[in-house]
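Below you'll find the structure, written out as structure tokens, and then a few comments.
The values are calculated or read from the model by the stated rules, or taken from the named source; none is laboratory data. Quick caveat, the model's predicted, so the values are computed rather than measured. Positions of Cβ are backbone-derived with ideal geometry, glycine not excepted, and every protein chain shown enters the neighbour counts. Just so you know, the surface numbers come from the protein's heavy atoms only, side chains and all, with ligands and any DNA or RNA stripped out. Shrake-Rupley method; radii C 1.70, N 1.55, O 1.52, S 1.80 Å.
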Amino acid sequence: MGLSKEMIKAGLDHAAAVEPRLAAAIESSGYPEPRIRPEGYETLLRTIVGQQVSVASAAAVWNKLEARLGGGCPPEALITTEFDELRACGLSRQKQGYARSLAELILSGGLDLANLPQDDEEAIALLTKIKGIGRWSAEIYMLFAQGRPDIWPAGDLAIQVGVGNFLGLPERPTEQEIREIAQSWSPHRGAVAIFTWHHYHVMVM
């Protein structure tokens, strides 16, 4: 499971001790609530279903898929369901390819989500073998579902904008700049990421 409220607070307090501007942002925006997702196949499949559509649209497609395939959309049911039936549930040709790739890896044993490598980069490399799962999706899964404490989704736009804001930078930092900036926050960058999304939403409200 993801990082608990206590783990997030402890991680932020550690990072804030080395970055006063982060401490000031926490004082202003408050500590964030946890972002926790279940570990396993269903969460990754939901990630694929939800790509490039609204939350409401993703929920509607998921509900139709569960009605057709059963709770959690088991991989066995997914790969044996015809293209037109999945399309009628709202799953495009491209997303069907991604979903089948995930289901086949699970069923073949090519991907064991309960035993991903402990090394974060090795785990990301394995997850991105799934068609449709890029680095950002892998990082989000590892942070929200596995609670890996040092995950840092530097390619995320809200992370870049939020960090730029609380550090008072004149321009939005690049992905590479964000990675360099965050090195001193390791091994608690996951907590800072969760805070930065929270801070970003406070900014734009």
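The sole residue among Ala58, Ala25 that is in contact with a Phe, Trp or Tyr (Cβ under 6 Å, 6 or more places away or on another chain) and small (Gly, Ala, Ser) is Ala25. For region 71-105, the set of residues classified as part of a loop (DSSP other than H, G, I, E, B) and surrounded by 14 or more Cβ atoms within 10 Å (Cβ to Cβ) consists of Gly72, Cys73, Pro74, Thr81, Cys89, Gly90, Leu91, Ser92, listed by residue number.
For the condition farther than 11 Å from Phe195 by Cβ and among the polar types (S, T, N, Q), Ser4 qualifies. Mind listing whichever residues of region 182-202 are open to solvent by 10 Å² or more (accessible area, probe 1.4 Å), of a type outside the set (Phe, Trp, Tyr) and within 21 Å of the chain's Cα centre (by Cα)? Matches in region 182-202: Gln183, Ser186, Pro187, His188, Arg189, His198, His199, His201, Val202.
Scoring Pro153 on the criteria (1) surrounded by fewer than 19 Cβ atoms within 10 Å (Cβ to Cβ); (2) within 29 Å of Arg93 (Cα to Cα) leaves a single failure, condition (1). The number of residues in region 11-56 being in contact (Cβ under 8 Å) with a residue 12 or more places away in the chain, among the aliphatic types (A, V, I, L, M), farther than 16 Å from Leu143 by Cα and open to solvent by 40 Å² or more (accessible area, probe 1.4 Å) comes to 2. Out of the residues in region 106-119 that are of a type in the set (A, V, I, L, M) and outside any helix (DSSP H, G or I), which is modelled with the lowest pLDDT? Checked region 106-119; the qualifying residue modelled with the lowest pLDDT is Leu111. Taking the listed residues Glu139, Glu122, the one that is in a helix (DSSP H, G or I), more than 13 Å from Gly40 (Cβ to Cβ) and open to solvent by less than 40 Å² (accessible area, probe 1.4 Å) is Glu139, with no other qualifying. Looking across region 125-136, just one residue is part of a helix (DSSP H, G or I) and within 11 Å of Leu44 (Cβ to Cβ), and that is Leu127.
In this structure, Leu65 does not qualify as out of contact with any strand residue (DSSP E or B) (no Cβ under 7 Å at 6 or more places or on another chain), within 21 Å of Leu111 (Cα to Cα) and either open to solvent by 30 Å² or more (accessible area, probe 1.4 Å) or assigned to a helix (DSSP H, G or I) (or both). When residues in region 106-118 are screened for being loosely packed, with under 10 Cβ neighbours inside 10 Å, under 19 Å from the mean Cα position of the chain (by Cα) and not aliphatic (A, V, I, L, M), 2 of them pass. Among the residues of region 158-171, just one is under 22 Å from Glu121 (Cβ atoms), under 17 Å from the mean Cα position of the chain (by Cα) and aliphatic (A, V, I, L, M), namely Ile159.
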